[in-house]
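The values are calculated or read from the model by the stated rules, or taken from the named source; none is laboratory data. Since this is a predicted model, take the numbers as computed values, not measurements. Positions of Cβ are backbone-derived with ideal geometry, glycine not excepted, and every protein chain shown enters the neighbour counts.
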Amino acid sequence: MSAAPGNLLFDAAFLAGLERLRFAVRRLQARDGEGRVDRSRRGGRVEFADHRRYVVGDDPRWVDWSVYQRTGRLYVKEFEREDELSLLLLVDDSGSMGCGSGFRTAARLAFALAYLGLAAGSRVRVGLCGGERLRMGAEVSGVARVRALGRQLAGARPAGQTDLDRVLADVPPARRGSRVVVLLSDLLTENDGCAAAARLAARGDDVNVLRMEDRRALVDEIRRPAVLVDAETGERLLVEAGAQSAARRVLAQLDARWHALAKRHRLRYLALDARRPVEELALTWLRDGGVLA
């Protein structure tokens, strides 16, 4: 694959690992059956959707030569099937995600899932949901377009606070076919997105919530004496004795709340260790989350 924007999020070693991840997914598909990540379905009405600029790697069969004759520029035709699947990746870039490995791992995991989705023939879109509003990128298809998603993720800087229920209320409906929605967040907000996730599931989206946790960073922060500073609000908080065990209880309650919601609304919820390798996290979601049969 071609390199994504050059920075610490998507370095050469990480990009090389995506091909190994794709190979691992293919092996699992061959062993366990194609499962739900297979997008090579036949049938369904095919319709012209739009034109987009040609990029290196596009199939020349889909170049619209009539447009080239008029404009002197190469454009390719994009088509959609009524049963086509799309992937929407929602990444929380609020301030709390900047604690430890949270945001870095979430962005890399989102990029890896985007690459897998594009390689499987799905349409992919990324939205950033930190702050006061949802910032949606363009929907793309074809592995060559993964660079655009990489630029969007690499440009994000975790800061501020967010209300996930309010921000995710602005997620637009799927244009056509089925859609997998993946939220990557630490869920450490006052309104952690439960209501929004339930609404998306009721609308027909295949909702997956991946809670990104760097517990070591959280514990290290709690162990510091005297005062903590809230990463999102800047508020200075007095640390009382037993704060470490209290934090564990809060996370356990958060997990219990989301597991109950997942069961009620038929969505998927997984808590992931943000310190683990991205390839391992992606396979955990695909397998343990039930995405890969």
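Cβ-Cβ contacts under 9 Å between residues 6 or more apart (or on different chains), taken from a first residue in the range 8-26 that is within 14 Å of residue 280 (Cα to Cα) to a second residue that is at pLDDT below 75 and in a helix (DSSP H, G or I), are listed as 25/37. Scanning the range 164-193 for residues that are under 17 Å from residue 261 (Cβ atoms) and surrounded by fewer than 19 Cβ atoms within 10 Å (Cβ to Cβ) yields 165, 169, 190, 191. Could we say that residue 271 is at pLDDT 85 or above, within 22 Å of residue 93 (Cβ to Cβ) and either crowded, with 20+ Cβ neighbours inside 10 Å or not assigned by TED's automatic domain parsing to the domain that holds residue 20 (or both) here? No; evaluated as a whole, the condition is false for this residue. Being farther than 18 Å from residue 135 by Cβ, modelled with pLDDT under 95 and in contact with a helix residue (DSSP H, G or I) (Cβ under 6 Å, 6 or more places away or on another chain) is a property that holds for residue 214. Whenever a residue of the range 55-67 is of a type in the set (Asp, Glu) and surrounded by fewer than 11 Cβ atoms within 10 Å (Cβ to Cβ), it has no partner that is outside any loop (DSSP other than H, G, I, E, B) and at pLDDT below 75 lying with C-beta atoms less than 8 angstrom away and at least six residues away or across chains.
Return a yes/no flag: does the range 108-117 have any residue that is more than 17 Å from residue 208 (Cβ to Cβ), of a type in the set (A, V, I, L, M, F, W, C) and crowded, with 22+ Cβ neighbours inside 10 Å. Scanning the range 108-117 turns up no residue that is more than 17 Å from residue 208 (Cβ to Cβ), of a type in the set (A, V, I, L, M, F, W, C) and crowded, with 22+ Cβ neighbours inside 10 Å. Checking 118, 109, 87 one by one, the residue that is out of contact with any Pro (no Cβ under 9 Å at 6 or more places or on another chain), in the same structural domain as residue 192 (by TED's automatic domain parsing), modelled with pLDDT of 90 or more and not in a strand (DSSP E or B) is 109 and no other. Scanning the range 90-104 for residues that are outside any strand (DSSP E or B) and in contact with a Leu (Cβ under 6 Å, 6 or more places away or on another chain) yields 93, 96.
Filter the range 153-176 for residues that are of a type in the set (Val, Ile, Thr) and either part of a loop (DSSP other than H, G, I, E, B) or over 18 Å from residue 207 (Cβ atoms) (or both); which is nearest to the chain's Cα centre (by Cα)? Ranking the qualifying residues of the range 153-176, first place goes to 171.
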